[in-house]
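Novice: Please find one structure pasted underneath; my questions will follow.
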Amino acid sequence: MEVSSAEAALSVSASSIRITDVTQDGDVLTFALTSQKLDSSAGVCVFRIYEDFDWLQQSLFSQENLPGLQGIIFPPLPSKALPSQSNTQTKALKQLGFLALGQDWQSYCKALEFYLQQVAAHPTLCKCKALDSFLFNSESPGKQRGRKGIFNRLSQAVEEMRKESHKDVDNFFQNERNKNTNLAALSKVATEKLLDVVMTEQKLALACGHFSTSLHLCVNQDDASAVAFSKVCLKLSDVIEAVKRNLEKVASNNLSTLGLGLDLESRYQEAEKEMLFRRTCKLIELETVKKGTEKAKANKREVLEAFQKAVEKEFNLISSVAKQEIERFHSSHVNVLKNFLIGWCEVQLNTAKEFAELYSQHLEACRNMYSE
Amino acid sequence: MFLSRLRLPSSEIQSTLTCNGQSAMSGGCGRNPPPFPDNEDQEAELDTQVLDSDDDDDEGEDIFTGARSKPITPTSAPDEGDIFSEEGSYVRSDVHHATNGLHSDEELDLFTEATVELTLTNTTSQGRREIIGPTASACNTTRVPNSILKPSIVTKTMEELEEEESGDQFELNIAVTNPEKIGDGMNAYMSYKVSTQTTLPMFLNKTFSVRRRFSDFLGLYEKISAKHSLLGCIIPPPPQKSVVGMTKVKVGKEDSSSAEFVEKRRAALERYLQRVVAHPSLLQDPDVREFLERDELPRAVNTQALSGPGLLKMINRASDAVNKMTIKMNESDNWFESKLQEVENEEQLLRRLHAAVDSLVNHRKELCSNTVVFSKSVAMLGSVEENSALSRALSQLAEVEDKMEQLHQQQAFSDFFILAELLADYVRLLGAVRCCFEQRMKVWQRLQEAQSTLQKKREAEAKLLWANKPEKLQQAKDDINEWESKVSQYERDFERVTCTVRKEMLRFEKEKARDFKQHIVKYLESLLHTQHRLVKCWEAFLPEAKAIA
C-alpha cells in the first residue's frame, strides 16, 4: 500500500487504485475499477470480473526472463466469490471467511483493491505489462487465455508436505520458515475466532431486534393503566432497538477493520509460505542434482556439472530475491497491522462514545418521564 | 440486593391498594396459578437453560410437581368470604383507635401492642362478620374508606378508588442474603438470611434477622393463600422449585452454574418477600410477621406432598369448570370480562417477551465465550511476533478483549436479572390475577347455588301449603329463613369480592407500570455503565496501537 518513490517505470499510482462499484448479475460480479497514471491527473475507469483478476495473477506468475521470480512473495488474490443463491452462507464463509460478510460485497471489494495496490506497489511486479493492460485497457484482458502459471496453489500432496519440512542450508531461511509456519497458523486461527465473534454479535443484534419488535405488540389502549404500561413497553422497545444498532455497528466495525486486516495478514503469511516452499523445492532439486552429479560416470559428469551450476545459480538468485522480499514483507506487515489496529480502535471508540451518549439521553428521558 | 421501601398509609383505612413499594400482588385462589410456563418440560428447560446451557438434563423434573410448585389451598374453603377481615387495619402509631373500622379486639391488639400474638388465622369468625355491619355507622368519626361505608360498593368509581391511595410512610426493608449450605449430600439444603429493617411498631425490634430455607417460603405462601385467596386478593406466587438446580447444589458441584442458581433463587426469594410485605393485608398477617421475626419455624412439610402432578390435574380441571361458569355469568358491566381477557392476552405476550430476552441472554453468553477464545488466539499471535511494539500491541489487544468479555458477562447478568426475571415474575403474577378473578366467580357460583336452593325451599313450602301439612310447615319456614339469610350473606360477599378484585386490579396495574419503569431505568443505567467502561478500554488501547513502529 505504500508507493516507493524510488521505483521507476511505475506508470500507475498505487494508492489511486480503487474499486468504486460492484454489480451482480446472477453468478457474476462486475467490478468498476478506477486508477490514475502517475503522469496524468485523469482517472481511468474500467470494468473487470473475477476471471480478469485471475488472468492478472497468472500473468504475474508466468513472467519470463525474470531472474529469481520464484523468490517473490506474490500478493495473495482472494478466492472467487460465488454469489448465487444456492451458495449458503456457511459455504461462503468457509470459502471466503470475512470477505463473505458485510453488505454488498464491501469487504470483498476492499480485499481486491488491496491486492491491486500491493501489485502496483511491488518494485518488480509493477513493471509487468499485464498490470497496465489490466488497469487501463477498456477491453477485458481475461478474454485472452494466457498460459497457466508455473506455480499454482500448493496442493496438499503428501510429497509436498515432506518437502515442506526439508531442512534448510541457511539459518536465516530455516528460522524464517519456522516463524512463518507459526505465524501463518496462528493468524489463521485468530481470523477464524474473530469471525466467530462477529457472527455472534450479529446473532445478538437479531435477538435484540426480535425482542424490540415483540415489545411493540404490548400496545393496548383499553384504559388509562393499559396506556401507561404500553408507553413503558414502547420506551423499552426503543432502548433495545438502540442496543441492536449498537451491536450491528460494533460487528460491522470489527468486520471492516480488524477482520479485514487479520484476513489479509493471514493470506499474506500463506503467500510467504508458498514462496519459501518454492525455494525449498529448488533446494531439494539442487541437492538431488548434486547427488546425481557425484554419482555420475565421467562422460556425463561435465554435462551434469554445467546443469548443476545453472540450478545453483537459479537457487542463489531466488534466495537473494527472497531475502529482500522477506525484509520488505516484515516491515510492511507491521505497518499494515498497525494501520488496521489503529483504524479498528478509532472506529470502535467512536461507536462506543456515540452509543454512550445515546443511552445517556434515553436514561435522562426516562428519569424525567418517570419521576414521581 | 434490592431493598424495598414500603409506604403505609397512616391517614386512612385502606384496603389492598395503597402500597407504593415493590409491586405487591395479593391474590390467592383455590387453584394456584401455574408458575410459568405451562409445559412441564419447558419449565425444566427454562430453569436449566438460563443457568447452564450445557446442561441437557431436561428430565430433571421436580419429582413432586413436574418442576412446579403449587401448594394448594384446601378446597374446603370456608364459605364466609370475610374480605375485610384483614383489610382496613393498618399500623399507625398515632391513631390506633381510628385505624379500624372493624373493632374486633384481636385487631386492636395487633396494632396497639405488638407483643400480643394475633390469631387472625380465624378469618371466618362469626364475630368479625357481624362487626362489619354496625361498624360502618359507628365509625363515622374515623376516616374510613368509603368502600366500607357505602352499601353499593360496586358503583364506586375508579377515581374514588384511586383517591384512597396516599398516606404517610412507614419503612420496611427486607433483604435476603448469605446463602449457606447446611448439611451434606442429598439431605443438604440452602439456608438464607432474611433481614428486616423497619419502623413499624408491630414488630418487636427495629432490625432483626432470621434464617430460613426454601420450604419455609413455600410454607408461608400456603398459609397466606389459604387465608387470603378467598377474599379476592392477588397473592404473589413464590419462586419455583427446581430439582435440577438444587441437586447440583446438594451434590456440591462448585461451578458457576450452581452459583448462578443460588443467586437466582436468592434474588427471587427477596422479590417474593418484598411483594408480600408490600401488600397491606398480607403484611398484617401474623404468619408473615412470624416468618420475619421468629427464630425457629416449624418445618413446612406439606409443600412436597401438595405439589404432586395428580393434584395439579385436579386443580386444572376445577379451574376449567369455573371457567365454563363465566359464560353464564351476568355481568352488570363488562369490566370483569374484558379485564380477564386483557390479563390472559398480556400473559401470553409476557411469555413471548421472556423467551426473547432469554435468547438474548444466551447469545450474550455465547459472545463471552467467543471473545475469550479470540483473546487467547491474539495473545498467542502476539507472543510469536518478532516486532516488539507489534507484539506488545497484540498482547494489549488480547487484554482489551478479556475486559470486553467481562463487560459482556456483566451485561448478560443485567439482561437476566433486570429484564428476564421481571418478565418471569409478571407472567406468574398474571396467573395469580387470573386466579383472583376465578375466585370471584366461585363466590358468584355459591350465590347462585344458594339462590336456587332457596327457590327450592320456597317451592317445597308452597307444596306443603297446598298439600295442607301444617306439621312440616314450620320446618319449611325455618329452612327458608336460613337460606334467605345465606343468600343475602352471599350477595354481600359477592359484592365485596367484586370490589376487592377491582381494587386489586387497579393497584396491580399501577404497580406493574411502576415496576417496569424502575427496571427500565435500572437497565439503562447498566447499559450506560458498561458503555462507559468500554470507552475507557478503547481509549487505553489507542496509544498502544499508535505506538507500533
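Novice: Anything over 26 Å Cα to Cα? Flag those among A:LYS179/A:LYS338; A:LYS91/A:LYS338; A:LYS37/B:LYS546; A:LYS80/A:LYS244, in the order listed.
Specialist: Distance filter (> 26 Å) returns A:LYS91/A:LYS338; A:LYS37/B:LYS546; A:LYS80/A:LYS244.
Novice: What shape does chain A have by the C-alpha gyration tensor, where a ≥ b ≥ c are the square roots of the eigenvalues, rounded means a/c under 1.5, and otherwise prolate means a/b greater than b/c and oblate the rest? Mind showing how you got there, number by number?
Specialist: On the way: a/c = 2.81, a/b = 2.24, b/c = 1.26.
It comes out prolate by the Cα gyration axes.
Novice: Pick from A:SER59, A:SER266, A:SER225: which is most flexible by mean-square fluctuation in a GNM of chain A where alpha carbon atoms under 10 Å apart are linked?
Specialist: Evaluated over chain A, the most mobile residue of the options is A:SER225.
Novice: Given R₀ = 51 Å, what would the calculated FRET efficiency be for B:ARG294 paired with B:GLU449, taking r from the Cβ atoms and rounding to 0.05? Could the numbers behind the result be given before it?
Specialist: Details: r = 41 Å, r/R0 = 0.80.
Given R0 = 51 Å and the Cβ-Cβ separation, E is 0.80.
Novice: Of B:LYS193/B:LYS339; B:LYS223/B:LYS365; B:LYS403/B:LYS517, which pairs sit farther than 32 Å apart, going by alpha carbon to alpha carbon? Mind dumping the intermediate values first?
Specialist: Values: B:LYS193/B:LYS339 39 Å; B:LYS223/B:LYS365 39 Å; B:LYS403/B:LYS517 30 Å.
Those over the limit are B:LYS193/B:LYS339; B:LYS223/B:LYS365.
Novice: Hey, another quick one. When we measure straight from the Cα of B:LYS457, which lysines land under 19 angstrom away, once same-chain ones fewer than 8 places off are left out?
Specialist: Of all the lysines, those that pass the test against B:LYS457 - Cα under 19 Å, at least 8 places apart if same chain - are B:LYS469, B:LYS472, B:LYS477, B:LYS486.
Novice: Follow-up. Take the alpha carbon gyration tensor of the stretch B:342-548, find the square roots of its eigenvalues, order them as a ≥ b ≥ c, and report rounded if a/c is under 1.5; if not, report prolate when a/b exceeds b/c, else oblate. Write out the running numbers ahead of the final one.
Specialist: On the way: a/c = 9.05, a/b = 5.04, b/c = 1.79.
Prolate, because a/c is 1.5 or more and a/b exceeds b/c.
Novice: Among A:ALA251, A:ALA226, A:ALA207, which one shows the highest mean-square fluctuation when chain A is modelled as a Gaussian network with alpha-carbon springs under 10 Å?
Specialist: Greatest mean-square fluctuation among the candidates belongs to A:ALA226.
Novice: Still on this structure: Based on the alpha-carbon gyration tensor of the stretch B:168-307 and its eigenvalue square roots a ≥ b ≥ c, which shape applies: rounded if a/c is under 1.5, prolate if not and a/b is larger than b/c, or oblate?
Specialist: Numbers: a/c = 1.99, a/b = 1.52, b/c = 1.31.
Prolate.
Novice: Would you tally the net charge around B:LYS457, using a Cβ to Cβ cut-off of less than 10 Å, leaving B:LYS457 out, and scoring K and R as +1, D and E as -1?
Specialist: Working: positive: B:LYS456, B:ARG458, B:LYS477; negative: B:GLU459, B:GLU461, B:ASP478, B:ASP479, B:GLU482, B:GLU484.
Cβ neighbours under 10 Å give a net charge of -3.
Novice: In the Gaussian network model of chain A, springs joining C-alpha atoms below 10 Å, which of A:ALA271, A:ALA121, A:ALA242 carries the largest mean-square fluctuation?
Specialist: A:ALA242
Novice: B:ALA259 to B:GLU539: extension gain in nm, 0.36 nm per residue of separation minus the Cα-Cα distance?
Specialist: On the way: separation 280, 0.36 × 280 = 100.80 nm, distance 3.37 nm.
So the extension gain works out to 97.4 nm.
Rule-based calculations on the coordinates, nothing more; no lab input. What you see is a predicted model; the values in this text were computed from it and never measured. Neighbour counts run over all protein chains shown; Cβ positions are idealised from the backbone, glycine included.
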